[in-house]
1. Please work out the FRET efficiency for the pair A289 and S202, using the Cβ-Cβ distance as r and a Förster radius of 35 Å; give the result to the nearest 0.05.
2. How much FRET efficiency would the formula 1/(1 + (r/R0)^6) give for Q186 and A134, where r is the Cβ-Cβ distance and R0 is 30 Å, rounded to 0.05?
3. Between T269 and D340, what is 0.36 nm times their sequence separation minus the Cα-Cα distance? Round to one decimal in nm.
4. Accessible area per residue for the range 7-119 in Å², computed with a 1.4 Å probe and the full protein assembly in place, what is it?
5. With charges set only on the Cβ (+1 for Lys and Arg, -1 for Asp and Glu), what does the dipole of the chain come to about its Cα centre, in debye to the nearest 20?
6. Picking from G237, S205, L313, whose Cα lies most toward the positive end of the charge dipole for the chain (charges on Cβ: Lys, Arg +1; Asp, Glu -1)?
7. Does anyone have the angle between helix 324-336 and the longest principal axis of the chain? Alpha-carbon axes, 0 to 90°, nearest 10?
8. Compute the long axis of helix 268-279 from its Cα atoms, compare it with the longest principal axis of the Cα atoms of the chain, and write down the angle in degrees, 0 to 90, nearest 10.
Amino acid sequence: METKYGGITFPLGDVSFADRIIAYDPAFSGGNVPSATYQTVNGAIGAPDYSSTGTYVSLGAGGRLIVAFDDNVLLASGNSDPELHIFEIGPDVEDQFIEISADGVNWISVGKVDGSTDSIDIDPFLAAAGVSVATPFRFVSIVDDINEGDKSGSTVGADIDAVGAIGAANLEAGTSGADRFNGGSQYDYFDGGSGFDRIVYSETSLVIDGLGNGSFKVTGEGYSNTVTRIERVDLAGGAYYRLDVAPDESAAIGYRLYQAAFGREPDQTGLEFWIAQRDGGISTEVLAAAFLRSDEAQALYGGLSNTGFVDALYTNVLGRDGEAAGTAFWVNALNSGVYDRAFVLDNFSASSENIATVGAAIEDGIFFA
């Protein structure tokens with residue numbers, strides 16, 4: 001498995017290299033583009049194989065290439081060792097700006113490489129960005145430095161032969177739909193992608209720790225998996241965890257609204273029901289209205305004036321008295337009919353203060369026996 005390319009050891013061998021082109025824009029910065037012969041984007045995929053035209057891609061002056069790892073992830077080493085390696089070929093050494101991403105949306109700059117075969121230690125860039133070194137990255141963006149190298153010619157821009165993860169672990173990736181994975185020791189990382197995804201284990205109990213970056217570490221007997229963009233972990237015997245606990249995800253929204261409406265921790269049956277409603281696409285304000293129609297909410301709020309209702313929300317949701325300006329704002333809005341009580345409950349539930357409080361309670365997922 002372990003293989004050397006360009007004098008660099010890649011522990012996962014051929015698996016270490018980018019598998020897929022996400023985007024290629026040779027005119028990204030408005031510079032000259034290479035001739036069509038040298039725009040063979042798949043030349044940058046897989047292990048280094050430069051031998052002739054078609055085995056690499058020219059970026060263009062200021063051009064951009066985004067690649068993805070499908071069967072591995074890029075990981076920080078926790079030390080000064082390099083983890084990312086760019087194979088740039090040809091007689092001209094041409095600089096590139098490099099960014100990495102866990103999800104293909106949010107990017108972190110990891111500096112500039114000087115062309116030719118060059119490596120990057122991503123650790124200091126993650127530290128500067130406040131990103132956990134445990135974060136698995138699947139996407140790499142390469143932008144040619146338009147101010148360096150040749151500005152014209154048939155192969156203008158950096159010529160990319162391969163993009164490799166020296167710091168790597170194997171990955172099973174999902175699709176854009178609903179996916180089902182089998183957890184265990186076969187893979188280190190699982191990425192569900194979009195859609196509602198679940199991972200199934202043969203154990204009746206596991207330890208799950210939120211990593212603070214949208215990923216979770218799942219520890220079983222003799223192995224651990226890191227899972228990301230997976231909504232549910234199923235255990236033998238029927239117990240399960242919901243991992244969609246980011247502020248805008250279903251389980252977090254259901255938990256927050258439940259606790260906000262009733263001023264207590266949710267019971268399992270009720271929470272399962274309300275999460276299912278949110279999974280089905282019901283809006284948070286409609287859910288809030290349904291909560292307020294319940295017998296429990298009517299007992300808490302039904303006989304209260306608008307002032308009493310707002311005071312109760314401050315106590316039940318935020319655990320404190322309301323500040324004068326905030327209380328007056330919500331009471332006036334209710335009295336004037338600008339907002340109804342469901343809207344106010346929804347906003348208290350989704351407040352940054354409540355998100356932080358509830359987030360600490362569910363950061364390792366929500367367990368259902």
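1. 0.25
2. About 0.90, to the nearest 0.05.
3. That pair, T269 and D340, stretches by 22.8 nm at full extension.
4. Numbers: 4510 Å² over 113 residues.
For the range 7-119, the solvent-accessible area averages 40 Å² per residue.
5. Working: 18 positive and 53 negative charges, 213 e Å.
So the magnitude is around 1020 debye.
6. Looking along the dipole axis, the top candidate is L313.
7. Tilt relative to the chain: about 70 degrees.
8. That helix lies at roughly 60 degrees to the long axis.
The values are calculated or read from the model by the stated rules, or taken from the named source; none is laboratory data. All figures in this text were calculated on a predicted structure; none of them were measured in a lab. All Cβ positions, even for glycine, are placed from backbone atoms using ideal geometry, and neighbour counts span all protein chains on display. Side chains included, ligands, DNA and RNA excluded: accessible areas come from the protein's heavy atoms. Shrake-Rupley method; radii C 1.70, N 1.55, O 1.52, S 1.80 Å.
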